[in-house]
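Novice: The structure under discussion is supplied below as structure tokens; questions concerning it will follow.
No value in this document is a laboratory result; all are computed from the given coordinates. All figures in this text were calculated on a predicted structure; none of them were measured in a lab. Positions of Cβ are backbone-derived with ideal geometry, glycine not excepted, and every protein chain shown enters the neighbour counts.
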Amino acid sequence: MTISHIILDQLRAIVGPAGYLDQPADVAPFTVDHRQLYRGSTPLVMRPDSTAQVSAILKLCNEQRVGVVPVGGNTSYCGGATPDADGSQVVVSLSRLKKIRHVDPLNFALTAEAGCVLAEVQAAANAVDRLFPLSLGSEGSCQLGGNLSTNAGGTAVLRYGMMRDLVLGLEVVLPDGRILDGLQSLRKDNTGYDLDDLFLGAEGTLGIITAASCKLFSQPGSRVTAFVAVPEPQAAVNLLARLRSATSDAVVTFELVPRLALEFVLQHVPSTSDPLDQPYDWYVLMEINGGRRDHALRDAMEAELSLAMEQGEICNAAIAESEAQREALWRLRETIPEAQNRAGASIKHDISITTSDLPRFMHEGTRAVLAVCPNARMVTYGHLGDGNLHFNVSPPLGMQAGPFLALTETINRAVHDLVAQFGGSISAEHGIGKLKRDELKRYKSPVALDLMRTIKQAIDPNGIMNKGKVV
Ligand code: MLT
Ligand code: ZN
């Protein structure tokens, strides 16, 4: 169903000439997702610059039954912000809602609008000697609204939690245009259902988050970063437990890296080099931070690593001696997705299970993938500390992308069935979008799905919000 010219003109009038894009070349970037899995179409990209404009847009779209697709930095891995191909939806980009409304170092809180780039939110916290801990590879382009709507994870979840855990309150425009103002920065508020929680991770299917009040933390006084070689994943799990215990939970980052991922990075990403003198099968990038500006933390970590080395639980370690070295170690981890892309086709999974079960899952999962595609190359990396791995698969050497990608569904089935057997999740941090909607139907319990549909129907009875995503 195409949208009438009259409605499109009314929408343009709400935002004025600077607030929309309707020329094909300008609209084009909003019709394809980050991974180029989906291509959609839209006659209009709206760029409101106030919550009142977002409210007017949704009110009109709801009255006229026009579909709306909200978009932030367009870095979704699951096609969560791409319109359908039939041109029946308008896109609402939040990128002009980019004010940091309030920074409150005394209350360790900050209120920012949805279009703020994550790095800008981090910088606003830094400027008052506070920390906004959410950290991900795309932080230079992803936006707070997208982080909230997808409940983003990243590399500091172990210590600080996911986006959901960092929210004090939300401002949300409901599908009928009403504004739910919950921006107070209260730490405690036990007055019934947690309405904010409904919109976090809803991927724009229940309304548009326009601003959030977020938790800030103290800047760490000291920080130690190391790249550690381990003989096998079980050793990494053991090391995590002993480091958490030895540092009273000061471990912020604990990321598993297999040799093949490091090789992809060394081969495809400029200015990278192997920090250790010989190759090892598995590595962990770890970072520990603490409140005191002294060597106690580093001493504790070095003592644990020495002990682990004596016991054969680690093979080797490089500890960053400067900020430049720290950045170089981080680059080896953060550029893995980009390096794997450059290396060719890949089939990605974003699974979570109990951390202590991960080694057994990896063993059985690898066997299941190889049964479907012999000699496939496993690139299993990621947030071991959160029980969340990107259980990614690259094709066997010499196999063309086409025949390999034709195995996607069979490989997904093998991996996700195993995840279900382990009581895990098929989407730990990337969300559902279009990509995993059918998988969600298959693996989520019927009671949970029924509740999700009831909530969707109650809040968006006309089904205008981000149709075709999640539920
Ligand atoms: C990561 O941890 O690097 C991201 O979640 C992206 C990915 O799955 O590759
Ligand atoms: Zn990740």
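Novice: What is the gain in length, in nm to one decimal, between D165 and N107 on full extension, counting 0.36 nm per residue of separation less the C-alpha to C-alpha distance?
Specialist: Values: separation 58, 0.36 × 58 = 20.88 nm, distance 1.63 nm.
So the chain would gain 19.3 nm between D165 and N107.
Novice: Take the stretch 397-468, drop everything but the C-alpha atoms, weight them equally and run the Debye formula without solvent; then report log10 I(q)/I(0) at 0.12 Å⁻¹ to two decimals.
Specialist: Rounded to two decimals, the profile gives -0.46.
Novice: Moving to a separate point now. Among bridges DSSP assigns within the chain, what percent are antiparallel (round to 5)? Walk me through the numbers before you get to the answer.
Specialist: Numbers: 56 of 66 bridges.
Antiparallel bridges make up about 85 percent of those DSSP assigns within the chain.
Novice: For the stretch 305-374, rounded, prolate or oblate, judged on the Cα gyration tensor with a ≥ b ≥ c (square roots of eigenvalues), a/c < 1.5 rounded, else prolate if a/b > b/c? Provide the component values of the computation, followed by the final result.
Specialist: Numbers: a/c = 2.55, a/b = 1.29, b/c = 1.97.
Oblate, since a/c reaches 1.5 and b/c is not below a/b.
Novice: Another question about this same structure. Considering the stretch 1-110, what Rg and Dmax in Å follow from its alpha-carbon atoms?
Specialist: Just the Cα atoms of the stretch 1-110 yield Rg and Dmax of 15.2, 52 Å.
Novice: In nm, give the distance between the simple-model label positions of R292 and T410, each being 7 Å from the Cα along the Cα-to-Cβ direction.
Specialist: Here the answer is 5.9 nm between the modelled labels.
Novice: Hey, with R₀ at 25 Å, roughly what FRET efficiency would R12 and K467 work out to, going by the Cβ-Cβ distance, to 0.05?
Specialist: On the way: r = 22 Å, r/R0 = 0.89.
Step by step, r from the Cβ atoms, then E = 0.65.
Novice: If you split all Cα-Cα distances of the stretch 129-253 into 5 Å bins from zero, what percentages do you get per bin, shortest first?
Specialist: Taking all Cα pairs of the stretch 129-253, the binned fractions are 2, 9, 17, 19, 17, 12, 10, 7, 5, 2, 1, 0 percent.
Novice: Provide the gained length on full extension for the span D299 to N341, in nm with one decimal, where the gain is 0.36 nm per separating residue minus the Cα-Cα distance. Walk me through the intermediate numbers first.
Specialist: On the way: separation 42, 0.36 × 42 = 15.12 nm, distance 3.83 nm.
11.3 nm is the gain from fully extending D299 to N341.
Novice: Treat each spin label as a single point 7 Å out from the Cα along the C-beta direction, and report the S185 to R35 distance in nm.
Specialist: 3.7
Novice: Mind pulling the angle between the C-alpha long axis of helix 5-15 and the longest principal axis of the chain? Nearest 10 degrees, somewhere in 0 to 90.
Specialist: That works out to roughly 60 degrees.
Novice: Now for a separate question. Consider all pairwise Cα distances in the chain and report the whole-number % of them above 34 Å. Walk me through the numbers on the way to the answer.
Specialist: Details: 40830 of 110685 pairs.
So the pairs more than 34 Å apart make up 37 percent of the total in the chain.
Novice: Quick one: go through the stretch 368-406 and flag any residue whose amide nitrogen is under 19 Å from the point 7 Å out along the Cα-to-Cβ line of D438.
Specialist: 402-406, by backbone N distance to the label point.
Novice: So what's the back-of-envelope 222 nm ellipticity for the chain, counting only DSSP H runs of four-plus at -39500 (n - 2.57) apiece and dividing by all residues, rounded to 500?
Specialist: Rounded to the nearest 500, it is -10500 deg cm²/dmol.
Novice: Can you tell me how the stretch 59-154 classifies by the Cα gyration tensor, rounded, prolate or oblate, using a/c under 1.5 as the rounded cut? It would help to have the intermediate numbers written out before the result.
Specialist: On the way: a/c = 3.22, a/b = 1.89, b/c = 1.70.
Cα axes put the stretch 59-154 in the prolate bin.
Novice: Right, here's the next one. With a ≥ b ≥ c the root eigenvalues of the C-alpha gyration tensor of the stretch 252-332, is it rounded (a/c under 1.5), prolate (a/b larger than b/c) or oblate?
Specialist: Working: a/c = 2.28, a/b = 1.36, b/c = 1.67.
It is oblate, given that a/c is not under 1.5 and a/b is not larger than b/c.
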